[in-house]
Amino acid sequence: MVARPFGIPVYISPYWLVFAVVLVVMYANGAEANLASTQSRYVVAAAFVLLLYVSVLVHELAHCVVARGFGLPVRRVLLYPLGGYSEIEQEPASPGREALISGAGPAVSLVLAGIGYELAKVVPAGLTHQLIAQLFFANLIVGIFNLLPGLPLDGGRIFRAALEGRMGHLGATRVATTVARWIAAAMGVVGLFTSPMLVLVALVV
């Protein structure tokens, strides 16, 4: 355990540090590499990776805070290389509550993206601007990606909640998992031609 914000234990996967180091190296040697010295680039790269995972943590804590507001016990938040996971120990009492809990994370990510967008408009060009701009883009992607209508994504839970009234929990879950398989397949095919990271994300979905 590394922290207890709002009394919620936060754990980090042992693989997280390895992945974080890889991200730092990739960022420091990316398109912005010619903007500053090697030392400065690695400092900014480390700041980007740290703030990115702080953003992911805030996303997960949003789920937990709303869940606690509905009286649901939260066991912990786990950060792993490709994101985070909130362990909420009980199912919400209604589809509406599940939708609110699930939507809280993407909503916070999109708010963070909006803050980054506004800051990027006033910060002068340079590494700091590059850092803010990439954090804006990262939070925007996290928010939008998590709204895709397939389990186990937040959007899949919202989608399932919307279907429950017509087909029940089990039927809605089947539909949401089927949609998730199609989303993962499409991401995997696109990733084969664009990005190995996208293929990895597709496998996780």
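The values are calculated or read from the model by the stated rules, or taken from the named source; none is laboratory data. This is a predicted model, so every value here is computed, not measured. Positions of Cβ are backbone-derived with ideal geometry, glycine not excepted, and every protein chain shown enters the neighbour counts. SASA here: full protein model, heavy atoms, side chains in, ligands and nucleic acids out. Shrake-Rupley method; radii C 1.70, N 1.55, O 1.52, S 1.80 Å.
Couple of notes before you dig in:
Here's the yes/no breakdown for (1) more than 22 Å from the chain's Cα centre (by Cα); (2) more than 28 Å from Leu23 (Cα to Cα); (3) not in a helix (DSSP H, G or I):
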position: Ala125; (1), (2), (3): yes, no, yes
position: Ile141; (1), (2), (3): no, no, no
position: Ile144; (1), (2), (3): no, no, no
position: Leu151; (1), (2), (3): no, no, yes
position: Arg157; (1), (2), (3): no, yes, no
position: Thr178; (1), (2), (3): no, yes, no
position: Met187; (1), (2), (3): no, no, no
position: Val190; (1), (2), (3): no, no, no
position: Val201; (1), (2), (3): no, no, no
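Each row is one residue, and each column tells you yes or no for (1) surrounded by 21 or more Cβ atoms within 10 Å (Cβ to Cβ); (2) farther than 19 Å from Met26 by Cβ; (3) free of Cβ contacts under 8 Å to residues at least 12 places away in the same chain.
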residue: Pro124; (1), (2), (3): no, yes, yes
residue: Leu127; (1), (2), (3): no, no, no
residue: Ala138; (1), (2), (3): no, no, no
residue: Ile141; (1), (2), (3): no, no, yes
residue: Asn146; (1), (2), (3): yes, yes, no
residue: Pro149; (1), (2), (3): no, yes, no
residue: Pro152; (1), (2), (3): no, yes, no
residue: Phe159; (1), (2), (3): yes, yes, no
residue: Gly165; (1), (2), (3): no, yes, no
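- Total residues in region 50-98, condition open to solvent by 20 Å² or more (accessible area, probe 1.4 Å), touching a Phe, Trp or Tyr at 6+ places or on another chain (Cβ under 9 Å) and assigned to a helix (DSSP H, G or I): 3
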